[in-house]
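First the structure, in the form of structure tokens, and then the observations on it.
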Amino acid sequence: MMRRRMWIRPRHRRMRRATHWLRTTAGSLAALGALAGATAAPAVHAQPAQKPGLPPGLDVAIGRPVTVGGTVRRDPSDVSSVDDGDASTVWQPGAAKVSVTVDLQAPQRVSGCGVTWAGAAAGARFSVTVSTDGKTWHALPGLAGQGTPVAGIIQYADCPQPGVQARYVRLSVWTAKGRIPGIAEFRVFSPSAQAASAMMLGDDLSTMAQEEAIGTKYSADGKTQPLLAILKAGGTNYVRLRLWVNPPGGNNNLTQDLKMAREIKTYGMRLFLDIHYSDFWADPGKQNIPAAWRGQSLPALAKTVKSYTQSVMEAFAKQGTPVDMVSIGNEITDGILWPVGQLNLPDGTQQWSQLAALLNAGIAGARAGNPKGHPLKVMLHIDRGGDNAGAEWFFDNIMQAGVKGFDVIGLSYYPWFHGTLAAFRDNIRALAQRYHKPIVVAETQYPWTTANADGTPNQVDATTPLLPGYPATPDGQASFVRDIVSLVAALPNHLGLGVFYWEPAWLPGVGWEPGAGTSADNLTEFDWQGRALPAVDAYQIGPATRSGS
């Protein structure tokens, strides 16, 4: 993913700034001025919170029926935004007192809740109560008495383990004067061991070997630990590695990836191999053919792709670390192996048949190199996380061109490139309904600060339009990741297969190319001293595993 997006079908992307809200963890309040639209540069994040900001579990309130009580002065028809899984949308009843009750439609083991507020109100108070029958109500354990909505805060409350049984969860808000603050998102968390086991909860760790080589240390709960141990405790069960054919410096070549795969498998994690079919970065803006493959005709190149893919898969299997999921190309929205497999030529020609031949060759090679009896999923990965028209255009055409044998639709979703969270949610729902194939977010990120750790400009800075309701803070980042996981998990028929965070551990000191810095140093899930941020635990959708959580 080097960030240089080319949009084949340019589409209007609506990005809005609004006041953001944040839980009071260490280092968070320093960023509030920037979150409210201030022009001053945000402070560099200092010591992150060691305790996760999120209760364990998926947000099971998404899309559930909501009823309104109290004095509501405006039409509450938009109350569905209270639990739509998107803190960018706001319900503002314009009242001095109101309650919203979410019907989970079946008893659930509730581990906690979270509220993103939109706006402030003098003297406002709130409480959360739960009920199994809708008649008898009890205060949510962990939320002592009545809380105060705080401007600039995402507020979470977690229950003592193992939680409390409830079907109905009610958020009540009131003030003595004026109107209550708007509600951007009301989350209800429930751990699911089944979902934690079935979903791919992954991280792209392609720079891990380089970080290890320069002595980078990582820590969580105040203790220095191996990176993989920290991530596994946070819920990670899959690791993604990119593979280049003959890269500069030798990083992410087959030899290095094989070594990393052995380390990954010792932690009981599964392996997602992202084959770029290039010597270096491949993405929608460039898909450069490997130097050793240049000059080949389409039939010859298809043969090369098949044999190369088969040999790669066999190499992983031979050492006892077979690939569990493979992507035939990386963000292939405009094809692979340019110009032979380029989808859109400068003269306007579209080469669907050429691209299909190469993709089918890669799929065939992956199947041929996979050990007998080993489950393998094959992905086609594009970058249109928030662009349903573009995504359907690609998959409709590629299937009509004869591509077959792939199992998974992979998407990249970066809000500053790909649009609103609502657009992402609507896209994955539509794709699941249209193609009946599992959906995986193959890449996503979100900032924990807008500051910069090295001399290389970041792709996200203080001028970047971010999602309202998700500040560039540690807890804003964690809320974004958990909401993405919850939205994917909510897809019907278990078609929400997984989420992969891109390079959560790529700390300053390792460049995007030899001698360079990194443009993603504020998008990691560790601070610049290697200390775990709350987002490391955003994959804890089953019972909590990290000490102190």
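The values are calculated or read from the model by the stated rules, or taken from the named source; none is laboratory data. Computed from a predicted structure; not experimentally measured. All Cβ positions, even for glycine, are placed from backbone atoms using ideal geometry, and neighbour counts span all protein chains on display.
Observations
- Single residue of segment 270-312 satisfying the filter (within 22 Å of E443 (Cα to Cα) and either modelled with pLDDT under 95 or of a type in the set (A, V, I, L, M, F, W, C) (or both)) that is surrounded by the most Cβ atoms within 10 Å (Cβ to Cβ): F272
- Residue that is surrounded by the most Cβ atoms within 10 Å (Cβ to Cβ) [pool: residues in segment 80-102 that are of a type in the set (D, E) and in a loop (DSSP other than H, G, I, E, B)]: D86
- Among residues of segment 162-180 that are touching a residue at least 12 places away in the same chain (Cβ under 8 Å), those with a beta-carbon under 6 Å from a residue that is in a loop (DSSP other than H, G, I, E, B) and buried (at least 20 other Cβ atoms within 10 Å of the Cβ) at least six positions away or on a different chain give the pairs G163/S111; V173/I180; T175/A121; T175/A124; G178/A121; I180/A121; I180/A124.
- Candidates A442, A489, A516, A423, filtered to the one that is of a type in the set (G, A, S), modelled with pLDDT of 95 or more, out of contact with any strand residue (DSSP E or B) (no Cβ under 9 Å at 6 or more places or on another chain) and assigned by TED's automatic domain parsing to the domain that holds L231: A423
- One residue from D78, D84 being modelled with pLDDT of 90 or more and acidic (D, E): D84
- Residue in segment 190-205 that is crowded, with 17+ Cβ neighbours inside 10 Å and farther than 26 Å from L421 by Cβ present: no
- Number of the condition not met by G320 [criteria: (1) in contact (Cβ under 8 Å) with a residue 40 or more places away in the chain; (2) assigned to a helix (DSSP H, G or I); (3) small (G, A, S)]: (2)
- Test: P471 is assigned by TED's automatic domain parsing to the domain that holds V326, over 23 Å from M379 (Cβ atoms), in contact with a strand residue (DSSP E or B) (Cβ under 9 Å, 6 or more places away or on another chain) and not acidic (D, E): yes
- Those helices (runs of 4 or more DSSP H) of segment 394-511 in which 2 or more residues are aromatic (F, W, Y) occupy 415-418, 421-435.
- Looking only at residues in segment 233-251 that are of a type outside the set (A, V, I, L, M) and not in a loop (DSSP other than H, G, I, E, B), the one that is nearest to L201 (Cα to Cα) is Y238.
- Pair list, Cβ under 9 Å, 6 or more apart: segment 407-418 residue closer than 13 Å to G498 by Cα, other residue among the aromatic types (F, W, Y) and part of a strand (DSSP E or B): G410/F500; S412/W502
- Any hit, segment 505-526, residues being touching a Gly at 6+ places or on another chain (Cβ under 6 Å) and under 28 Å from I183 (Cα atoms): no
Yes or no, residue by residue, for (1) more than 20 Å from the chain's Cα centre (by Cα); (2) of a type in the set (A, V, I, L, M, F, W, C); (3) farther than 30 Å from P438 by Cα:
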| position | (1), (2), (3) |
| --- | --- |
| K177 | yes, no, yes |
| I183 | yes, yes, yes |
| P191 | no, no, no |
| I214 | yes, yes, yes |
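- Count of segment 282-312 residues which are assigned to a helix (DSSP H, G or I), farther than 22 Å from I382 by Cβ and not basic (K, R): 9
- Number of the exception - Y435 against (1) among the aromatic types (F, W, Y); (2) crowded, with 22+ Cβ neighbours inside 10 Å; (3) more than 30 Å from W117 (Cβ to Cβ): (2)
- Boolean, P160 is surrounded by 22 or more Cβ atoms within 10 Å (Cβ to Cβ), farther than 18 Å from A61 by Cα and modelled with pLDDT under 80: no
- The test for being free of Cβ contacts under 8 Å to residues at least 60 places away in the same chain and under 28 Å from the mean Cα position of the chain (by Cα) holds for V239.
- When residues of segment 336-357 are limited to those that are touching a Gly at 6+ places or on another chain (Cβ under 7 Å) and within 12 Å of K286 (Cα to Cα), the one surrounded by the most Cβ atoms within 10 Å (Cβ to Cβ): I336
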